[in-house]
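Accompanying notes for the structure given below.
The values are calculated or read from the model by the stated rules, or taken from the named source; none is laboratory data. Since the structure is predicted, the reported quantities are computational estimates derived from the model, not experimental observations. As a convention, Cβ positions derive from the backbone with ideal geometry for all residues, glycine included, and neighbour counts pool all protein chains shown.
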Amino acid sequence: GSVMEKVLQRRSMRMRNMQRAWQESPVGRTMLEFRKSLPSFKDKERLLQAIARNQVIVVSGETGCGKTTQLPQYILESEIESGRGAFCNIICTQPRRISAMAVSERVSAERGEPLGETVGFKVRLEGMRGKNTHLLFCTSGILLRRLLSDRNLNGVTHVFVDEIHERGMNEDFLIIVLKELLPRRPDLRLILMSATLNAELFSNYYGGAPTIHIPGFTHPVKAHFLEDVLEITGYKLTSFNQVDDYGQEKTWKTQKQLMPRKRKNQITTLVEDALTKSNFESYNSRTRDSLSSWMPDCIGFNLIEAVLCHICRKERPGAVLVFLTGWDDIRSLSDQIKAHPLLGDPNRVLLLMCHGSMATAEQRLIFERAPPNIRKIVLATNMAEASITINDVVFVVDCGKAKETTYDALNNTPCLLPSWISQASARQRRGRAGRLLPGECYHLYPRCVYDAFAEYQLPELLRTPLNSLCLQIKSLQVDSIAEFLSAALQAPESLAVQNAIGFLKMIGALDEKENLTDLGKLLSILPVDPKLGKMLIMGAIFRCFDPILTIVSGLSVRDPFLLPQDKKDLALSAKLRFSAKDYSDHMHDDSALNNKLSHNQSLVRAIICSGLFPGIASVVHRETSMSFKTMDDGQVSLYANSVNSRFPTIPYPWLVFGEKVKVNAVLIRDSTGVPDSSLILFGGALSTGVQVGHLKMLDGYIDFFMDPNLADSYVKLKEELDKLLQR
Ligand code: ADP
Ligand code: MG
């Protein structure tokens, strides 16, 4: 112990010297000046004291006030200054990969160090950290994974859970696990951080933990609702059709008016009239979808373009931040803008995008200022709402929607629909315009729609399937999943929990008594969805690991094929050039990426089936068309970009699929045609005869997995299967 102690003490001294040297250097001093100008700086001592005296505190403060980059850094610096730098280990979680990466890079820069030294990050599949890292930014998912193997978080001194107001599923889950951990680790400090003022909720959850609010300063932002936007851009409403009783979408249209403008109050009447027709009064958070039809996206785009033109022509300098629903919209709008004579001119407009899957180099550009006389326009998803701060934004365009997953427990179907955001989100989006100067925000919906928005968004825990979550809960050695989840801030409905448990039993991850099977233990270690984990394991057992690994990567990271809206057909026919007759989106990915057909096609098909089961639909051939029926008798349709949607018939009786999503109809995304034999032999838990028969192949494949624990579990799995075989 004492040798280690000495090493750490020596390292602490070195850390202190380096920190002081940086703070006294000219660049370091300038950086410190900037940091002192942030609102959080005034509360630094108060915060440090509160953290020292309380095990849990809740900090709220407006986006940009310096919570994420400063608070963990204050602790790090004060520990280093007091000569204890090497003894502290601070973890700060972020809901998204990109913010963990961006923030760690920023904090390293503020400390004048390369990333991966004192400050590092870890997100799924990527990370930069080293033996000198004492402040780690990671996704909340990464911390949860660590808790599975290190239940007491040994060596960790401070945990920050950031952006808790978003109520992400992982954050809600973390909060339960940490609550249970705190009594066992009285020295551990927990700091919850939130951009909004609902700190009470979290404080109460932790038995009245102290709350600290950082008063921020932002400039006033003028809100323009649709009425004003129509006035400013010269658009007018020309027609409106209501949503009919069956929720069928009908359109209402805006059209560019070249005539003299309508007077503003006339426009307002028109908008209000339109809304009455859409039965707006019956609006509440449950029927939010019925409203989504009232502004079709194509019209939204033209309106956005008109607003952008207005800003570029008439408004003062300043960057523009446009909130859109997702990557598809960002791409389509950016294509449209690039073709525009004014907005597409690179000498006048710098167009950037901000979304979860963009490259790191692209990220950095967002924070940089545009050259003089060039207007910076950033197209963003709701990611730019709270976790990322772009300082020079003066104008915000808010489409009012975000792609939100919901979960229909009754039909056990996840839904992904652009739906109206909450009032809290709308305010948050507006606030982005007032960082440096007074700003303007253009909300592309009427004031009365804003008034009807839900106050806050529903927590993610209540709107996603709980399959992976329940598996993770079980691997925390929890007895009853339902009981564990009832301790959540807001517990999910029991049907959703039952569905998840039923699913885990069906794939063989849980036994009848809800205990983890050996397969279940393996699945909880693999950092992929349980279905995909099972596919990997089966791939290893049956010696076709390579193609399965490619397929699983495609399913768990991102579809390798792009599908530009305006070149859909071209893209699809290009895609079909890769082994069109596979009748499989999954195998398609493999042949495209590996540029060869798998050796054993029918085996790969069977393994896909074993993983995706019970995601299975029977193919019903009619004279001119096909229809698809799931196990629970539901009708599903194919996504337009599935290779299987391209054929008039499919020579297989079954399609297995990874995901069904309710968009308008219930759609299945990727599918693979399989014969009866695959289903009979591989559709079910990992205990049918044929699979056991192939067991001997297992030995050589243990090395595929990197983790020695995994090999252990593997041997156990093999033993269990061996026993079965002997019966
Ligand atoms: P909060 O977490 O309270 O929203 P942050 O700690 O993320 O605030 O940011 C505080 C301030 O630091 C921002 O207002 C911005 O001025 C600055 N900042 C943050 N990230 C960057 C970056 N990548 N580049 C430049 N400045 C940044
Ligand atoms: Mg933050």
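If you go through segment 377-393, how many residues are more than 14 Å from ligand 1 (Cβ to nearest atom) and of a type outside the set (A, V, I, L, M, F, W, C)? If you could, list the steps in order and put the result at the bottom.
Looking only at segment 377-393, we keep the residues that are more than 14 Å from ligand 1 (Cβ to nearest atom), and these are 377, 379-382.
If we keep only those that are of a type outside the set (A, V, I, L, M, F, W, C) as well, we get 381-382.
Residues that pass the stated criteria total 2.
Yes or no, residue by residue, for (1) among the aliphatic types (A, V, I, L, M); (2) in contact with a Cys (Cβ under 8 Å, 6 or more places away or on another chain); (3) on the phi > 0 side of the Ramachandran plot; (4) at pLDDT below 80:
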| position | (1), (2), (3), (4) |
| --- | --- |
| Ser645 | no, no, no, no |
| Val656 | yes, yes, no, no |
| Glu659 | no, no, no, no |
| Ser671 | no, no, no, no |
| Ser677 | no, no, no, yes |
| Ile680 | yes, no, no, yes |
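Select from segment 134-166 the residues that are modelled with pLDDT under 90 and in contact with a Pro (Cβ under 8 Å, 6 or more places away or on another chain) and list them in ascending order.
Arg145, Glu166
Which of the residues belonging to segment 205-214 are aliphatic (A, V, I, L, M) and either free of Cβ contacts under 8 Å to residues at least 60 places away in the same chain or within 12 Å of ligand 1 (Cβ to nearest atom) (or both)? Explain how you work it out, then say what you get.
First, pick out the residues of segment 205-214 that are aliphatic (A, V, I, L, M): 209, 212, 214.
Residue satisfying the conditions is Ile214 alone.
Given the conditions (1) of a type in the set (Asp, Glu); (2) out of contact with any strand residue (DSSP E or B) (no Cβ under 6 Å at 6 or more places or on another chain); (3) within 16 Å of ligand 2 (Cβ to nearest atom), report the number of the one that Asp43 does not fulfil.
All conditions are met except number (2).
If you take the residues of segment 78-117 that are β-branched (Val, Ile, Thr) and either farther than 20 Å from Gly130 by Cβ or within 15 Å of ligand 1 (Cβ to nearest atom) (or both), which of them is surrounded by the fewest Cβ atoms within 10 Å (Cβ to Cβ)? Spell out the reasoning first.
Restricting attention to segment 78-117, the residues satisfying the condition of being β-branched (Val, Ile, Thr) are 80, 90-91, 93, 98, 103, 107.
Adding the requirement that they be either farther than 20 Å from Gly130 by Cβ or within 15 Å of ligand 1 (Cβ to nearest atom) (or both) leaves 90, 93, 98, 103, 107.
Details: Ile90: 23, Thr93: 25, Ile98: 20, Val103: 22, Val107: 24.
Restricting to residues being β-branched (Val, Ile, Thr) and either farther than 20 Å from Gly130 by Cβ or within 15 Å of ligand 1 (Cβ to nearest atom) (or both), the top hit is Ile98.
If you take the residues in segment 314-347 that are among the β-branched types (Val, Ile, Thr) and under 21 Å from the mean Cα position of the chain (by Cα), which one is surrounded by the fewest Cβ atoms within 10 Å (Cβ to Cβ)?
Within segment 314-347, the first condition is being among the β-branched types (Val, Ile, Thr), and the residues that meet it are 320, 322, 325, 330, 337.
From the residues that got through so far, the ones that are under 21 Å from the mean Cα position of the chain (by Cα) too are 322, 325, 330.
Values: Val322: 27, Thr325: 22, Ile330: 20.
Within segment 314-347, the match that is surrounded by the fewest Cβ atoms within 10 Å (Cβ to Cβ) is Ile330.
Name every residue in segment 123-142 that is over 23 Å from Ile80 (Cβ atoms) and of a type outside the set (D, E, K, R), in order of residue number.
We begin by selecting, within segment 123-142, every residue over 23 Å from Ile80 (Cβ atoms); these are 123-126, 139-142.
Passing the criteria: Val123, Leu125, Thr139, Ser140, Gly141, Ile142.
Do you know which residues across segment 35-64 are under 31 Å from the mean Cα position of the chain (by Cα) and within 12 Å of ligand 1 (Cβ to nearest atom)?
Passing the criteria: Arg35, Leu38, Pro39, Ser40, Phe41, Val59, Ser60, Gly61, Glu62, Thr63, Gly64.
Mind checking whether some residue in segment 182-192 is in contact with a Gly (Cβ under 6 Å, 6 or more places away or on another chain), closer than 29 Å to Thr211 by Cβ and assigned to a helix (DSSP H, G or I)? Reasoning before the result, please.
Here is the first cut: in segment 182-192, the residues in contact with a Gly (Cβ under 6 Å, 6 or more places away or on another chain) are none.
No.
Go through segment 392-405 and give me each residue that's at pLDDT below 85 and in contact with a Lys or Arg (Cβ under 8 Å, 6 or more places away or on another chain).
Of everything in segment 392-405, those that are at pLDDT below 85 and in contact with a Lys or Arg (Cβ under 8 Å, 6 or more places away or on another chain) turn out to be Glu404, Thr405.
If we keep just the residues of segment 95-115 that are assigned to a helix (DSSP H, G or I) and of a type outside the set (A, V, I, L, M, F, W, C), which is farthest from ligand 2 (Cβ to nearest atom)?
Here is the first cut: in segment 95-115, the residues assigned to a helix (DSSP H, G or I) are 97-110.
Keeping just the survivors that are of a type outside the set (A, V, I, L, M, F, W, C) gives 97, 99, 104-106, 108, 110.
Details: Arg97: 15, Ser99: 7, Ser104: 12, Glu105: 14, Arg106: 11, Ser108: 16, Glu110: 14 Å.
By that ranking, first place goes to Ser108.
Of the residues that make up segment 80-98, is at least one under 23 Å from the mean Cα position of the chain (by Cα) and among the small types (Gly, Ala, Ser)?
Kept after step one, since they are under 23 Å from the mean Cα position of the chain (by Cα), are these residues of segment 80-98: 91-98.
Filter again for among the small types (Gly, Ala, Ser), leaving none.
No: zero hits.
Would you please name the residue that is surrounded by the most Cβ atoms within 10 Å (Cβ to Cβ), looking only at residues in segment 603-639 that are in contact with a helix residue (DSSP H, G or I) (Cβ under 6 Å, 6 or more places away or on another chain) and among the β-branched types (Val, Ile, Thr)?
Result: Ile608.
Considering each residue of segment 417-455, count those that are farther than 13 Å from His224 by Cα, free of Cβ contacts under 8 Å to residues at least 60 places away in the same chain and within 25 Å of the chain's Cα centre (by Cα), and give that number.
Result for segment 417-455: 6.
Against the condition more than 16 Å from ligand 2 (Cβ to nearest atom) and either modelled with pLDDT under 95 or within 26 Å of the chain's Cα centre (by Cα) (or both), how does Gly120 come out, does it pass?
Details: more than 16 Å from ligand 2 (Cβ to nearest atom): yes; either modelled with pLDDT under 95 or within 26 Å of the chain's Cα centre (by Cα) (or both): yes.
Against the criterion (more than 16 Å from ligand 2 (Cβ to nearest atom) and either modelled with pLDDT under 95 or within 26 Å of the chain's Cα centre (by Cα) (or both)), Gly120 qualifies.
Pairs, please: C-beta under 7 Å, at least 6 apart or cross-chain, first residue modelled with pLDDT under 95 and in segment 473-496, second aromatic (Phe, Trp, Tyr)?
Taking only residues 6 or more apart or on different chains, the pairs are Ile473/Phe484; Val478/Phe484; Leu489/Tyr205; Ala496/Tyr407.
Output the residues belonging to segment 506-516 that are of a type outside the set (A, V, I, L, M) and in contact (Cβ under 8 Å) with a residue 60 or more places away in the chain. Steps first, answer last, please.
Filtering segment 506-516 for residues of a type outside the set (A, V, I, L, M) gives 508, 511-515.
Gly508 - this is the single residue of segment 506-516 that is of a type outside the set (A, V, I, L, M) and in contact (Cβ under 8 Å) with a residue 60 or more places away in the chain.
If the requirement is being touching a residue at least 60 places away in the same chain (Cβ under 8 Å) and either in a loop (DSSP other than H, G, I, E, B) or touching a Ser or Thr at 6+ places or on another chain (Cβ under 6 Å) (or both), which of these qualifies: Phe217, Phe173, Phe202, Phe160? Give the derivation first.
Working: Phe173 fails: either in a loop (DSSP other than H, G, I, E, B) or touching a Ser or Thr at 6+ places or on another chain (Cβ under 6 Å) (or both); Phe202 fails: either in a loop (DSSP other than H, G, I, E, B) or touching a Ser or Thr at 6+ places or on another chain (Cβ under 6 Å) (or both); Phe160 fails: either in a loop (DSSP other than H, G, I, E, B) or touching a Ser or Thr at 6+ places or on another chain (Cβ under 6 Å) (or both).
After applying the criteria, what remains is Phe217.
Can you name every residue in segment 53-63 that is away from ligand 2 (no atom under 14 Å from the Cβ) and touching a residue at least 12 places away in the same chain (Cβ under 8 Å)? I'd like the intermediate steps shown before the answer.
Pass one, segment 53-63, residues away from ligand 2 (no atom under 14 Å from the Cβ): 53-58.
Asn54, Gln55, Val56, Ile57, Val58, listed by residue number.
I'm trying to understand the selection: among the residues of segment 81-99, which are in contact (Cβ under 8 Å) with a residue 40 or more places away in the chain and among the small types (Gly, Ala, Ser)? Spell out the reasoning first.
So the first thing to find is which residues in segment 81-99 are in contact (Cβ under 8 Å) with a residue 40 or more places away in the chain, and the list is 81, 83-99.
Residues satisfying the conditions are Gly83, Gly85, Ala86, Ser99.
If you go through segment 65-77 one residue at a time, how many are near ligand 1 (Cβ under 7 Å from one of its atoms) and either on the phi > 0 side of the Ramachandran plot or not in a loop (DSSP other than H, G, I, E, B) (or both)? Write out each step before concluding.
Restricting attention to segment 65-77, the residues satisfying the condition of being near ligand 1 (Cβ under 7 Å from one of its atoms) are 65-70.
Subset that is either on the phi > 0 side of the Ramachandran plot or not in a loop (DSSP other than H, G, I, E, B) (or both): 66-70.
Final tally of qualifying residues: 5.
List every residue pair whose Cβ atoms sit under 8 Å apart, with the two residues 6 or more apart in sequence or on different chains, where the first one lies in segment 64-80 and is within 8 Å of ligand 2 (Cβ to nearest atom) and the second, anywhere, is part of a helix (DSSP H, G or I).
Lys67/Ser40; Thr68/Ser99; Thr68/Val103; Thr69/Val103; Thr69/Arg106; Thr69/Val107; Thr69/Glu110
Only one of these is more than 16 Å from ligand 2 (Cβ to nearest atom), modelled with pLDDT of 95 or more and surrounded by fewer than 18 Cβ atoms within 10 Å (Cβ to Cβ): Lys131, Lys222. Name it.
Working: Lys131 fails: modelled with pLDDT of 95 or more.
Just one listed residue meets the conditions, Lys222.
Considering only segment 351-376, state which residues are in a helix (DSSP H, G or I) and either among the acidic types (Asp, Glu) or modelled with pLDDT of 90 or more (or both). Even if it seems obvious, please write down each step before you answer.
Going residue by residue through segment 351-376, those that are in a helix (DSSP H, G or I) are 360-367.
The one that is in a helix (DSSP H, G or I) and either among the acidic types (Asp, Glu) or modelled with pLDDT of 90 or more (or both): Glu362.
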